[in-house]
Amino acid sequence: MTFELNLNDALYTFTVVKKPRQRRIIVTAKAPNTFLVTAPRSVRKKDIIDVIETHQEQLLRMKPPVDFKEAFIDGAEIPVFDEVLTLYQLPSKRSTHRKGTKVYFYGVQDDAQFKKRTHAWLKAQLASEIERLVSKYQHAIKGIDLTELTMRYQYMKTKFGSCQPTKKRMSFNLELVHYPKVFTEYIFLHEVSHLAHADHSKAFYAFFETLCPNHKTYRRAINSLRKRLLNEGFEGLIDRDKA
């Protein structure tokens with residue numbers, strides 16, 4: 001079921017998906033002026049509209065998910081760790097070459113391929129930094145084995161990282177590549193601490209604090225950076241006085 005509502009003199013589209021095991025109405029922003037509503041099967045359209053109108057101000061402040069790959073265009077400036085790099089696409093040859101703060105993607109035939117190549121290159125940059133951290137801490141953390149870890153890198157909506165201790169698998173938000181390296185190390189140490197304590201218990205935080213004493217400061221700072229990134233895009237992370 002899809003319907004439209006006029007809120008604050010603007011037209012918004014709501015698509016409703018009913019689920020048998022869901023107990024409450026949940027509204028999420030999917031695109032500008034477009035929302036997805038998931039609700040219990042028994043809920044009526046009138047009930048959904050009542051919820052929307054009751055929480056109207058909160059809903060209209062919601063932002064849809066950001067697709068960072070849309071910013072990967074010829075000539076774009078993007079923050080990569082502690083630098084600002086400019087991306088260029090060239091149709092000749094087929095390789096990727098960096099010269100100073102310029103990254104050239106050769107053999108690119110269209111915008112879709114350019115986005116794909118840029119995405120893959122950024123994953124390689126984050127993977128390289130994580131590999132450096134594994135080497136740095138391999139023999140520095142007593143009782144933790146960092147060998148045979150499986151790493152995944154992808155843009156995530158809500159988390160900076162995750163860890164599955166029993167499977168020795170870690171995932172890192174590719175968003176980290178756009179922040180200073182110190183934050184990648186902070187998230188890495190957080191996930192490494194889960195190899196010792198799977199939950200967020202007092203024991204976990206006690207262990208984590210031995211590895212990263214300033215973790216609370218880093219947490220506040222990275223959340224602030226993420227807010228700027230989501231609100232302003234890559235431009236929000238670029239200091240024009242330094243760039």
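Any read-out appearing in this document is the output of simple, stated calculations on the displayed coordinates, not a laboratory observation. Given the structure is predicted, the values throughout are model-derived calculations rather than measurements. Glycine also receives a Cβ, built like all others from the backbone with ideal geometry; neighbour counts cover every protein chain displayed.
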If you plug each phi of the range 169-181 into the Karplus form 6.51 cos²θ - 1.76 cosθ + 1.60 with θ = phi - 60°, what whole-Hz ³J(HN,Hα) values come out, in order, with x for Gly and Pro? 10, 10, 10, 10, 5, 4, 4, 4, 5, 8, 10, x, 4
For the chain, give me the percentage of DSSP beta bridges that are antiparallel, rounded to the nearest 5 percent. 60 percent
What are the residues whose amide H is under 5 Å from the amide H of R152, where those residues sit 5 or more places off or on another chain and H is modelled from the backbone? M170, S171, F172
In sequence order, calculated HN-Hα J values of the range 89-106 (Karplus, 6.51, -1.76, 1.60; Hz; x Gly/Pro): 10, 9, x, 7, 6, 7, 6, 10, 9, 10, 9, x, 9, 10, 10, 9, 9, 7
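About its Cα centre, how strong a charge dipole does the chain have in debye, to the nearest 20, once Lys and Arg get +1 and Asp and Glu get -1 at the Cβ?
Details: 41 positive and 27 negative charges, 171 e Å.
It works out to roughly 820 debye.
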For E148, the net charge from surrounding residues (Cβ-Cβ under 14 Å; K, R +1; D, E -1) works out to +1
For the range 51-65, in residue order, the Karplus 3J(HN,Hα) values (coefficients 6.51, -1.76, 1.60; θ = phi - 60°; whole Hz; Gly and Pro = x) are 5, 4, 5, 5, 10, 4, 4, 5, 5, 6, 8, 5, 10, x, x
Computed [θ] at 222 nm, deg cm²/dmol, the chain (DSSP H ≥ 4; -39,500 (n - 2.57); rounded to nearest 500): -11000 deg cm²/dmol
How would you classify the chain from its alpha-carbon gyration tensor, with a ≥ b ≥ c the square roots of the eigenvalues: rounded for a/c under 1.5, else prolate if a/b is greater than b/c, otherwise oblate? oblate
With label points set 7 Å from each Cα along the Cα-to-Cβ direction at N6 and Q113, the distance between them in nm comes to 4.9 nm
Search the structure for amide H atoms under 5 Å from the amide H of Y179, placed 1.01 Å from N in the peptide plane, and list their residues when 5 or more places away or on another chain. F81
